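The values are calculated or read from the model by the stated rules, or taken from the named source; none is laboratory data. Everything quoted here is computed from the prediction, not taken from an experiment. Don't worry about glycine lacking a Cβ; one is built from the backbone with ideal geometry, like all the others, and counts go over all protein chains shown. Calculation scope for accessible area: heavy atoms of the full protein, side chains included, ligands and nucleic acids excluded. Shrake-Rupley method; radii C 1.70, N 1.55, O 1.52, S 1.80 Å.
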There are 2 protein chains.
Amino acid sequence: MEHSKCGCDANNSFNAADLSQFKFENGLIPAIVQDADSKEVLMFAYMNEESLKLTLETKIAHYWSRSRQSLWKKGETSGHFQHVREIRFDCDADCLLLFVDQDGGACHTGYRSCFYRTIDGKIVGEKVFYEKDVY
Amino acid sequence: MEHSKCGCDANNSFNAADLSQFKFENGLIPAIVQDADSKEVLMFAYMNEESLKLTLETKIAHYWSRSRQSLWKKGETSGHFQHVREIRFDCDADCLLLFVDQDGGACHTGYRSCFYRTIDGKIVGEKVFYEKDVY
């Protein structure tokens, strides 16, 4: 993340089976989710160790819902699952990047990406479903 | 971020001048940084209100360094500045997405992106400079 003083070694080899090598802060690690093909950033969420393990095992993205304080299998309500093709991590090992094939839309508002607005409020995202049809 | 129960309104219009509409947690908001052209995710960092204001004013990315507990103008040591083309925010207004033109590399290790490793430790990133030449 902050890469000016992290002291990480670019040649380090991580074993995904040893999740202790990732830096969970208060039990959580942030995860950026990107469309594997278009590279559009779809959403941002947090994982705990259990959700990361489940994601690795099932190749379906699981997160930790901070608002509900519970394990969250993305798509369990909407059917909009994320099929994980690859996971990367940053120089500090404290942020994950997921490449996924997204069923439907990532955002509960019906947009394909949660980042559907510019900072001046312009809607730029693609609407792919209507909330009332899904939730 | 978590978009299943955030209750945000897709039609809300935000005024970038009113930064109070963004949700800073302990004074910070996470920022994902993406190459404006290639869409490669370059890094992940945090902004406080001051760094966001400076970024909006100067169009050069500024962050808050949690390790140094100080304002951080990205590139001030390396010369690898990030020229911000656009900023988006997510449905919960608690995460930012920057589209930038990156001078040199985003990662202090010399890789173009901080996310240069897969979860099983394979190096997949592009090396664009050598640390000793820059720091």
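Summed over the range A:22-51, residues that are of a type in the set (Lys, Arg) and either at positive phi or part of a strand (DSSP E or B) (or both) total 1. Picking from residues in the range B:15-51 that are under 24 Å from B:ARG112 (Cα atoms) and open to solvent by 50 Å² or more (accessible area, probe 1.4 Å), the one that is nearest to the other protein chains (Cβ to nearest Cβ) is B:LYS39. Residues that are of a type in the set (Val, Ile, Thr) and within 14 Å of A:ARG85 (Cα to Cα) were ranked within the range A:33-58; the one that is nearest to the chain's Cα centre (by Cα) is A:VAL33.
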